[in-house]
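Enquirer: Structure below; questions to follow.
The values are calculated or read from the model by the stated rules, or taken from the named source; none is laboratory data. Given the structure is predicted, the values throughout are model-derived calculations rather than measurements. Positions of Cβ are generated from backbone atoms using ideal geometry, with glycine treated the same way; all protein chains shown enter the neighbour counts. Note: accessible area is taken over every heavy atom of the protein model, side chains too, but ligands, DNA and RNA are not part of it. Shrake-Rupley method; radii C 1.70, N 1.55, O 1.52, S 1.80 Å.
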Amino acid sequence: MTPIYDRVALIGLGLIAGSMAIAMREQGLAREIVGHARSAETRRVALEIGLVDQVFETAAEAVADADLIVLAVPVGAMAAVAEEIAPHLKPGATVTDVGSVKQAVVSAVAPHIPEGVHFIPGHPLAGTEHSGPRSGFATLFRNRWWLFAPFPGADEVAIRRLEGLVEAMGAKTERMDAAHHDLVLAVTSHTPHLIAYTMVGVADHLKRVTESEVVQYSAAGFRDFTRIAASDPTMWRDVFLQNKDAVLDILGRFTEELFVLQRAIRMGDGDHLFDYFTRTRAIRRGIIEAGQDTSAPDFGRSQTGAEQKAEG
Ligand code: NAP
């Protein structure tokens with residue numbers, strides 16, 4: 001394939017940037033891929049395993065002469081990185097990010113972007129509970145949504161070029177307002193993660209009573225929670241701090257529903273529980289029909305890409 005960008009600079013070299021690098025290489029989508037990560041160790045690994053052609057000690061050096069700059073650091077680190085790179089961005093370049101929250105990233109990054117540089121906020125709905133430069137794989141984005149939140153009046157050619165890049169990596173694209181994105185993700189990803197963290201925390205507390213039984217007899221439901229709750233602590237701390245309002249809104253609704261179910265159990269209202277579970281089952285069917293998961297009884301874990309359930 002003809003390269004879509006000459007030089008791509010990846011700032012942050014973990015799961016998402018690593019997967020992008022591998023996918024871009026496989027498809028020949030960039031002539032050159034360079035990168036920066038905070039630690040010398042991550043930079044060394046990224047170079048050693050061939051994620052990037054060159055690494056730089058600073059983000060500022062990495063973005064010089066890049067046509068596309070991808071901010072792939074935790075959401076809470078975006079502002080400092082944007083401030084550092086701003087004076088070194090090439091006119092006409094595109095800056096995008098892959099952060100799991102959009103409004104906070106837009107507020108953190110946009111003020112630093114100079115005139116003549118296109119800033120197109122983005123978020124791939126793809127991930128695993130693994131992190132770091134060795135965790136990436138080429139098919140991470142295949143058949144997954146990659147949402148973009150361009151500003152009104154943003155350069156259409158720059159947007160289409162970026163959408164073309166992620167589509168060539170196998171993703172499906174959609175445009176969405178940043179506030180709407182944050183609410184949707186609070187429902188589909190952020191609050192479910194918080195519930196998983198809580199449930200594993202409860203079991204951890206219980207373990208002290210039952211010793212190893214929680215681990216030994218952990219059933220599929222609990223095992224799924226533990227996998228989600230193994231996700232990167234820095235990333236998820238930042239997600240909750242930066243998408244506070246939407247998460248608190250959804251958590252409030254969740255708590256109300258939980259009390260209704262709690263009451264139905266206490267009152268022996270089987271009809272209520274049955275009807276509720278019938279409705280939720282239909283949602284699961286909808287997700288499978290939309291091609292966003294498989295109906296395999298092992299939760300699709302044995303299939304490529306089916307690890308992708310801990311996305312942020
Ligand atoms: P990751 O595997 O933990 O990688 C994060 C990278 O950022 C590491 O290379 C880290 O470098 C670097 N970094 C951290 N702080 C930095 C700083 N202040 N300056 C420069 N580099 C810094 O994370 P990830 O899963 O790829 O996530 C990256 C972004 O993608 C996050 O914004 C996250 O919200 C978003 N996202 C994640 C998922 C998911 O499921 N994981 C899905 C969609 C979007 P060191 O290794 O040297 O610390």
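Enquirer: Open to solvent by 40 Å² or more (accessible area, probe 1.4 Å), in contact (Cβ under 8 Å) with a residue 12 or more places away in the chain and either within 7 Å of the ligand (Cβ to nearest atom) or within 23 Å of the chain's Cα centre (by Cα) (or both): does that describe residue 26?
Expert: Taking the combined requirement at face value, the residue satisfies it.
Enquirer: OK, next. Could you give every pair whose Cβ atoms fall below 6 Å, whose first residue belongs to segment 235-259 and is open to solvent by 60 Å² or more (accessible area, probe 1.4 Å) and within 16 Å of the ligand (Cβ to nearest atom), and whose second residue is assigned to a helix (DSSP H, G or I) and not aromatic (Phe, Trp, Tyr), counting only separations of at least 6 or pairs across chains?
Expert: Listed by first residue and then by second, the contacts come to 242/75; 242/104.
Enquirer: List pairs: first residue in segment 72-91 and of a type in the set (Lys, Arg), second residue crowded, with 24+ Cβ neighbours inside 10 Å and modelled with pLDDT of 95 or more anywhere in the structure, Cβ distance under 7 angstrom, at least six positions apart or on different chains.
Expert: Going by the 7 Å Cβ cut-off, the qualifying pairs are 90/66.
Okay, residues lined up against (1) within 16 Å of the ligand (Cβ to nearest atom); (2) closer than 19 Å to residue 66 by Cβ; (3) assigned to a loop (DSSP other than H, G, I, E, B); (4) among the basic types (Lys, Arg):
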| position | (1), (2), (3), (4) |
| --- | --- |
| 109 | yes, yes, no, no |
| 120 | yes, yes, no, no |
| 123 | yes, no, no, no |
| 127 | yes, no, yes, no |
| 143 | yes, no, yes, no |
| 150 | no, no, yes, no |
| 158 | no, yes, no, no |
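Enquirer: Any residue in segment 273-289 that's within 16 Å of residue 258 (Cβ to Cβ): show its pairings with residues that are in a helix (DSSP H, G or I) at Cβ separation under 8 Å, as long as the two are six or more apart or on different chains.
Expert: From residues that are within 16 Å of residue 258 (Cβ to Cβ), the pairs are 273/261; 273/264; 273/265; 276/261; 276/264.
Enquirer: While we're on this one: Just for segment 46-79: of the residues that are assigned to a loop (DSSP other than H, G, I, E, B) and within 12 Å of the ligand (Cβ to nearest atom), which one is farthest from residue 113 (Cα to Cα)?
Expert: 51
Enquirer: A further question on this structure: Among the residues of segment 3-45, what is the count of those that are in a strand (DSSP E or B) and hydroxyl-bearing (Ser, Thr, Tyr)? Show your work before the answer.
Expert: In the first step, residues of segment 3-45 are kept if they are in a strand (DSSP E or B); the result is 5-11, 30-36.
When the remaining residues are screened for being hydroxyl-bearing (Ser, Thr, Tyr), the result is 5.
Residues that pass the stated criteria total 1.
Enquirer: Return a yes/no flag: does segment 80-88 have any residue that is buried (at least 19 other Cβ atoms within 10 Å of the Cβ) and within 7 Å of the ligand (Cβ to nearest atom).
Expert: Scanning segment 80-88 turns up at least one residue that is buried (at least 19 other Cβ atoms within 10 Å of the Cβ) and within 7 Å of the ligand (Cβ to nearest atom).
Enquirer: I'd like the full set of residues that are in contact (Cβ under 8 Å) with a residue 12 or more places away in the chain and either out of contact with any His (no Cβ under 7 Å at 6 or more places or on another chain) or charged (D, E, K, R) (or both), limited to segment 96-109.
Expert: Restricting attention to segment 96-109, the residues satisfying the condition of being in contact (Cβ under 8 Å) with a residue 12 or more places away in the chain are 96-106, 108-109.
Within segment 96-109, 96, 97, 101, 102, 103, 104, 105, 106, 108, 109 qualify.
Enquirer: Residues of segment 93-107 being more than 10 Å from the ligand (Cβ to nearest atom), in a loop (DSSP other than H, G, I, E, B) and within 17 Å of residue 78 (Cα to Cα), which ones?
Expert: Initially, segment 93-107 is screened for residues more than 10 Å from the ligand (Cβ to nearest atom), giving 93-96, 102-104, 106-107.
Now restrict to residues that are in a loop (DSSP other than H, G, I, E, B): 93, 102.
Of everything in segment 93-107, just one residue is more than 10 Å from the ligand (Cβ to nearest atom), in a loop (DSSP other than H, G, I, E, B) and within 17 Å of residue 78 (Cα to Cα), namely 102.
Enquirer: Does residue 33 meet the test of being near the ligand (Cβ under 9 Å from one of its atoms), crowded, with 22+ Cβ neighbours inside 10 Å and of a type in the set (A, V, I, L, M, F, W, C)?
Expert: When the stated conditions are applied, residue 33 does not pass them.
Enquirer: Would you pick out the residues in segment 175-191 that are part of a helix (DSSP H, G or I) and either more than 28 Å from residue 220 (Cα to Cα) or open to solvent by 50 Å² or more (accessible area, probe 1.4 Å) (or both)? Outline the logic, then answer.
Expert: Of all residues in segment 175-191, those part of a helix (DSSP H, G or I) come to 178-191.
Hits for segment 175-191 are 178, 179, 180, 181, 182, 183, 187, 188.
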